[in-house]
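The block underneath contains the structure these notes are about, expressed in C-alpha cells.
The values are calculated or read from the model by the stated rules, or taken from the named source; none is laboratory data. The model shown is predicted, which means the values in this text are computed figures rather than measured ones. Heads up, the Cβs are rebuilt from the backbone with ideal geometry, glycines too, and the neighbour counts pull from every protein chain shown.
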Amino acid sequence: MGDANAKVGSDNISCEEVIEKQGLGVMNDNGERFADFCSLNDLVIGGTIFPHKDIHKATWVSPDGGTENQIDHICISRKFRRSLQDVRVFRGADIGSDHHLVITTFQLKLKRHSRNPTTKRLKFQVNLLQGNKITDFGITLKNRFQPLEHLDEDMETYWSQAKDSFISTCKEVLGEKDYKHKDWISQESLNRLSERREKKAAVNNSRTRNEKEAAQREYSDAAKEVKRSIKNDKEAFTNELAERAEKAAQGGHMRTLYETTKVLAGKRKNTEMPVKDAEGNTIFSQELQMTRWVEHFESLLNRPPPIEPPEILPARNDLDINCEPPTLEEIENAVSLLNSNKAAGPDHIPPEALKADSKVSSTILHGLFEKIWTEEKYPNDWEEGHLVKIPKNGDLSNCNNYRGITLLSIPGKVFTRILLERIKEAVDGQLRDNQAGFRKNRSCTDQIVALRIIVEQSIEWNSPLLVNFIDFEKAFDSIDRDTLWKLLRHYGIPPKIVTLIQKMYDGTSCKVLHEGRLTDSFEIKTGVRQGCLLSPFLFILAVGLANEREHFRKQKWNSVDIMDPTG
C-alpha cells in the first residue's frame, strides 16, 4: 500500500490479471510501470475491483479542488484475492492532507497459533502515596490481613496470603499505573482541530464548484492555523521540560533530570528486534528467540566449577552474631532503608507498598520471617528472578550487546538486609585495610590519590612505572558457591546464618522478559545473585581470601592493590 503517483485507470486491456474495470481516470506512465510491478510480483490492485462512486475512488485532490485522481493504491497477493471484501475512500477523515483515507476490508481464515499469553507486570500508581492515601493504605492493608494473622499456616501459605493482601490493597487504594503519555496539545489546538474537521466536511458536501473552491480556501486556512498552534504547543512543552531539567540539575535531583532528558531526547533503542543464534543466523520466530535468550543467559550466568577448589578451614570460634529470629524493630528498620522508585520482583510488590505504613508491613513480615527462620525455607517467589535486557552499544541483534538486570522480591530484600546488618559489622574487622570497595564509610578515594601521587613522582623523576589493572571477567557470576559457604565459616559466621544464606541460593532460577512474555525458567548454579543486597559483601569476602593467599605466597602487594573489586 502507498502513494505510488500512478493512475491505472479503468481500461484493463492486456492487464486483466492485475487491474479490473472499476478504476478511475486514464492510465499514465507511472500507472504502466506500477502495473508491470504488480504483474511481476503477482499482485492485484484492490482499488480497481469494487464498484463505487467516483468520489469514493479519488484518493487525491489538487490544492484548488479542481482535479481528483486515484493515485494511492492497496495491493494484495493473488493468493488472497478472495479474502478482499472492499476497498474505498473515506473523505471524512481529516489529517490536514490533500490525500484521502483509503480503507480495505479483509476476511481471513487464520489457523489458530497457540502461544503463551503476554506476561503482564503489575505496576501501581505509587506516586499517590501521600497524605490521606498513606493512612487509607495502612488501614486497608491491616484490615485485609488481620483476620489471617493468627492462622497456623505453613510458610508458603502464609506468604501467599501476605502477598495477596499487599497486591489487593495496591489495586484498591492506588490502582494500576496508567501508561498514557502527557497530553501536551493544548485545548486551543484541539478546538482548532475540530474547526478544521468541520471545514473538511464542508468541502466534501459542496454542491457547486464555487462552493467547493470557497470551502477549500477556508479549509486551507484552518489547516495552517492548526499547524501553527500545534507548533507553539510543542515549543512550550519543550521549554517546560528544559526548565524542569535545569531545576533538577541545580537541585541535585538526578532521577528527575534523567527522566526529563530522556523525554527531551525522544530516542529509544528497540530491544525487541530479531536476534542471532550462536552461529550468527538471524532468528525471526518469537519462540526461537526466547529459547535463544535462555541459552545465552544460562551460559552467561553458569560458569564452570574450579578445577582445584581451595582448601578452606572453618574458624576456631564463631563470631558474636545474633542467631535469633528477626525482631519487629529490625524489620521496621530494614523496611525504612528500602529505596523507592525501584521495580518490583516476581511478586509485584513495590517498595512503596511496604514503606507506606512500615508498622503494619513489619507486623505482616514478622510472622513470615519467623517461619522462614524456623523452617529454613524460602517462598518460591523469592527464589525466582525476572531478568530484564538492557541494550548496550553495538549490534543489538547480538545477545552479547545486552546486559541483564535481575528483578528480585522486595520483601526478600528486607530479609537479606537484616542478615547483612547482623554480619557485616562483625566481619568488617577481619577484612584487609586496603579493601575499599563495598564497605561502609569507605571509598576508593585514598587509593586513587595514592596512585596519582606515585604516577606524578614517576614522571617527575623519569623512573619506570608498571601499573597492573585486573578486570575480573564475569566477576559476580564466577564465584563457586560451595567455596563461598566454606568461606563464610572461615570468617566465623555461625552455622545458622550460613545455612540461611545457603538455602537462599538453593534452586535459584531466572526467567528472561522478552516482548512482554517470560521465557522458560532456567537454574543458576554459580555466582552471587544479581540484585541481592548480600552479593557485594559476599564478593569482597572471596576477593579478600584471594589477596590473603597471595600474601602468604610472599607476593608483594602495596596499599593500592585493591581499589575496586569490579575492575
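Looking for something surrounded by 12 or more Cβ atoms within 10 Å (Cβ to Cβ), free of Cβ contacts under 8 Å to residues at least 24 places away in the same chain, of a type outside the set (D, E, K, R) and touching a Lys or Arg at 6+ places or on another chain (Cβ under 9 Å) - is there at least one such residue anywhere in the stretch 276-288? Looking through the stretch 276-288, at least one residue is surrounded by 12 or more Cβ atoms within 10 Å (Cβ to Cβ), free of Cβ contacts under 8 Å to residues at least 24 places away in the same chain, of a type outside the set (D, E, K, R) and touching a Lys or Arg at 6+ places or on another chain (Cβ under 9 Å). When the stretch 450-478 is limited to residues that are β-branched (Val, Ile, Thr) and at pLDDT 90 or above, the one that is surrounded by the most Cβ atoms within 10 Å (Cβ to Cβ) turns out to be Ile454. The residue that is farthest from Asp54 (Cα to Cα), counting only those in the stretch 85-94 that are among the hydrophobic types (A, V, I, L, M, F, W, C) and free of Cβ contacts under 8 Å to residues at least 40 places away in the same chain, is Ala93. Meeting the requirement of 3 or more residues that are more than 28 Å from Ser521 (Cβ to Cβ), the helices (runs of 4 or more DSSP H) wholly within the stretch 278-382 are 328-336, 358-375.
If you filter the stretch 387-401 down to residues that are among the hydrophobic types (A, V, I, L, M, F, W, C) and outside any helix (DSSP H, G or I), you find that the one that is farthest from Gly345 (Cα to Cα) is Leu396.
Taken over the stretch 391-423, the criterion of being without any contact (Cβ under 8 Å) to a residue 60 or more places away in the chain and small (Gly, Ala, Ser) is satisfied by Gly394 alone.
Only one entry of Pro346, Pro314, Pro306 meets the criterion of being crowded, with 16+ Cβ neighbours inside 10 Å, in the same structural domain as Ile418 (by TED's automatic domain parsing), more than 18 Å from Glu425 (Cα to Cα) and at pLDDT below 90, and that entry is Pro314. Can you tell me which residue among Ser114, Ser168 is surrounded by fewer than 16 Cβ atoms within 10 Å (Cβ to Cβ), at pLDDT below 90 and not hydrophobic (A, V, I, L, M, F, W, C)? After applying the criteria, what remains is Ser114. For the criterion of being under 44 Å from the mean Cα position of the chain (by Cα), polar (S, T, N, Q), assigned to a helix (DSSP H, G or I) and surrounded by fewer than 17 Cβ atoms within 10 Å (Cβ to Cβ), Asn210 fails. When Phe80, Phe34 are checked against the criterion of being surrounded by 21 or more Cβ atoms within 10 Å (Cβ to Cβ) and more than 30 Å from Glu211 (Cα to Cα), Phe34 stands alone in meeting it. Could we say that Leu484 is part of a helix (DSSP H, G or I), under 30 Å from Leu313 (Cβ atoms) and either among the aliphatic types (A, V, I, L, M) or outside the structural domain of Leu301 (by TED's automatic domain parsing) (or both) here? Criteria met by Leu484.
Select from the stretch 380-427 the residues that are over 21 Å from Ser509 (Cα atoms) and of a type in the set (Val, Ile, Thr) and write down the one among them that is modelled with the lowest pLDDT. Here the residue is Val427. Looking across the stretch 357-387, the residues that are of a type in the set (Gly, Ala, Ser) and closer than 14 Å to Ile410 by Cα come down to Ser358, Ser361, Ser362, Gly385. Evaluation of Ser229 against the conditions (1) touching a residue at least 40 places away in the same chain (Cβ under 8 Å); (2) over 39 Å from the mean Cα position of the chain (by Cα) shows that the sole unmet condition is (2). Scanning the stretch 484-526 for residues that are of a type in the set (Ser, Thr, Tyr) and out of contact with any strand residue (DSSP E or B) (no Cβ under 6 Å at 6 or more places or on another chain), we see that the one that is surrounded by the fewest Cβ atoms within 10 Å (Cβ to Cβ) is Thr499.
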